[in-house]
Amino acid sequence: MPDAIWIDRSEELESLARTLESQPEIGLDTEFLRERTFFPKLCLLQLRAAGQIWCVDTLRINSLDALMPVLTAPNVRKLIHAARQDLEALYLTAKQVVSPVFDTQIAAACIGMKPQVGYAELVKTLLDVTIPKGQTRTDWSKRPLTPAQLEYAADDVLYLDAIAMELGGRLQKLGRERWVREDCAELEERRLYEPDPALAWERLRGIGQLAPEPRARARAIAVWREKLARERDLPRAWILSDAGVFAIAHANPATAAALEAVEPMNERFAATLLNALAISSAADLQDLAPVQDSRPTPEQKALLDTLSKTVDARAAELGVSAEVLAPRGELKALAMGKRDTHALTGWRLQEIGTRLLATLGDTAALQRATVG
């Protein structure tokens, strides 16, 4: 088991911060719980630098302020695998975005590995080291942690520098450092970790297929659920399932009894939901444009298939997954007329975006992209 220093006092954290200030890069991982809450509950922060590992007990240490200057220092690279949730947990704890980040999962996808490759699989593939997986469902809020838990936590940062070095070498040979740099920079955008509750309806798959009035109600219910889940720190599904959102949107209950018949729920929740529905009923429905999930026409479906073939062919040339270049959801949006997509920005514009615009026959957008 790798030796790790346990940190559970503020003065120890301050000393650790001073140690890390001089390091060019820091391996980082977190352990958190989210099964029973809306917000992730940060339980442990693991750090590795200069051959040493530290495990910070974030349940005992209420503030990470002492560490944040180094965790946001532009000259100190943070190595993280599948960083999005770790960054979210840290942001909600410290209200700062860790940066700059080198996400080893993103880097692995850019050299041709599967987009969602796990840390243990990546370590095995690149370093031929097997990491035990026995603690993947552990309760990290319990203290003291067992030796097995501590070993698992330490292993999660032990190999980050080695795999980052290997990935960096392969990216350089392929000329794809820019790919990773741009994609990782997107993880540092604060808006990712402060989503607007008013846009919560965008999470509802199939909402675009509803008629205007039930769609307006589904939007209102989704926003109501989001705000309540945040206020009570409860998972969305504990408030109301997606299926429940649609059922209520279709039924449009006006009384507690009618709502109870459709979807039984806590009386206090029911009262506020009925109020949200009443407000949505009075809203102007004329401006409710279809969303991305609306149903494509037969012509758009045929165009989507053509776009998919274009992406598949280019992905094969580059030796990467098609999902890295342009997920099918983005291609669907393009086929239906949307142009504000990831595939038409940054490095993707050069690698696949111009080909997609040519396939679409969008000469104006293609000209702008070429000139740009």
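The residues of region 183-292 present an accessible area of 55 Å² per residue when probed at 1.4 Å with all protein chains retained. Separation of the alpha carbons by more than 29 angstrom is noted, of Lys227/Lys301; Lys173/Lys301; Lys41/Lys173; Lys78/Lys338; Lys95/Lys227, for Lys227/Lys301; Lys173/Lys301; Lys41/Lys173; Lys78/Lys338. Extending 7 Å from Cα along the Cβ direction at Val117 and again at Ala261 yields two label points whose distance is 5.7 nm. Look at the Cα gyration tensor of region 83-207: its axes a ≥ b ≥ c give a/c of at least 1.5 with a/b at or below b/c, and that counts as oblate. The overall shape of region 14-156 is rounded: from the C-alpha gyration tensor, with semi-axes ordered a ≥ b ≥ c, the ratio a/c is less than 1.5.
Amide H contacts under 5 Å for Glu25: Arg77, restricted to partners 5 or more places along the chain or on a different chain, H placed in the peptide plane at 1.01 Å from N. Counting 0.36 nm for each residue step from Lys133 to Ile279 and taking away their Cα separation leaves a gain of 47.6 nm. In a fully extended conformation the segment linking Lys338 and Lys227 would gain 37.1 nm over its present Cα-Cα distance, using 0.36 nm per residue. With θ taken as phi - 60° and the Karplus curve 6.51 cos²θ - 1.76 cosθ + 1.60 applied, the whole-hertz 3J(HN,Hα) list for region 246-256 is 5, 4, 5, 4, 6, 6, 6, x, 10, 10, 4 Hz, x standing for glycine and proline. Overall, the accessible surface of the chain at a probe of 1.4 angstrom is composed of carbon and sulfur to the extent of 50 percent. Counted over the chain, the DSSP beta bridges are approximately 55% antiparallel.
Simple rule: put +1 on each Lys or Arg Cβ and -1 on each Asp or Glu Cβ in region 59-210, find the dipole, and look at Gly208, Ala107, Val70; the Cα lying farthest toward the positive end is Gly208. If you take the Cα centroid of region 71-129 and the Cα centroid of region 348-366, the two points sit 30 Å apart. State whether region 86-141 is rounded, prolate or oblate according to the following rule on the C-alpha gyration tensor (a ≥ b ≥ c being the square roots of its eigenvalues): a/c under 1.5 gives rounded; otherwise a/b larger than b/c gives prolate, and the remaining case gives oblate. It is oblate, given that a/c is not under 1.5 and a/b is not larger than b/c.
Of all lysines in the structure, those lying under 19 Å Cα to Cα from Lys124, and not within fewer than 8 positions of it along the same chain, are Lys114, Lys133.
Annotation note: trypsin sites (Lys or Arg not before Pro) in region 12-55 located in DSSP loop regions with a Cβ neighbour count of at most 16 within 10 Å are Arg34, Arg36. For region 40-110, the solvent-accessible area with a 1.4 angstrom probe is 32 square angstrom per residue. On full extension, the segment bounded by Gln52 and Ser15 gains 11.9 nm, given 0.36 nm per residue less the C-alpha separation. Accessible area per residue for region 116-179 is 56 Å², calculated with a 1.4 Å probe on protein heavy atoms, without ligands, DNA or RNA.
Placing unit charges on each Cβ (+1 for Lys and Arg, -1 for Asp and Glu) gives region 45-162 a dipole about its Cα centre, and among Leu90, Leu158, Ala120 the Cα reaching farthest toward its positive end belongs to Leu90.
Between Glu317 and Leu92, the FRET efficiency estimated from the beta carbon spacing at R0 = 51 angstrom works out to 0.80.
For the chain, the equivalent ellipsoid built from the Cα gyration tensor has semi-axes of 39, 32, 17 Å, listed from largest to smallest.
Need one number: % antiparallel among DSSP beta bridges in region 1-156, to the nearest 5.
Bridges in region 1-156 that DSSP calls antiparallel: roughly 55 percent.
Straight-line cross-link reach from Lys332 at under 14 Å between alpha-carbon atoms covers these aspartates and glutamates, not counting any fewer than eight positions away in the same chain: Asp293, Glu299, Asp305, Glu323, Asp340.
The values are calculated or read from the model by the stated rules, or taken from the named source; none is laboratory data. Computed from a predicted structure; not experimentally measured. Cβ atoms come from the backbone with ideal geometry, glycine included; neighbour counts cover every protein chain shown. Just so you know, the surface numbers come from the protein's heavy atoms only, side chains and all, with ligands and any DNA or RNA stripped out. Shrake-Rupley method; radii C 1.70, N 1.55, O 1.52, S 1.80 Å.
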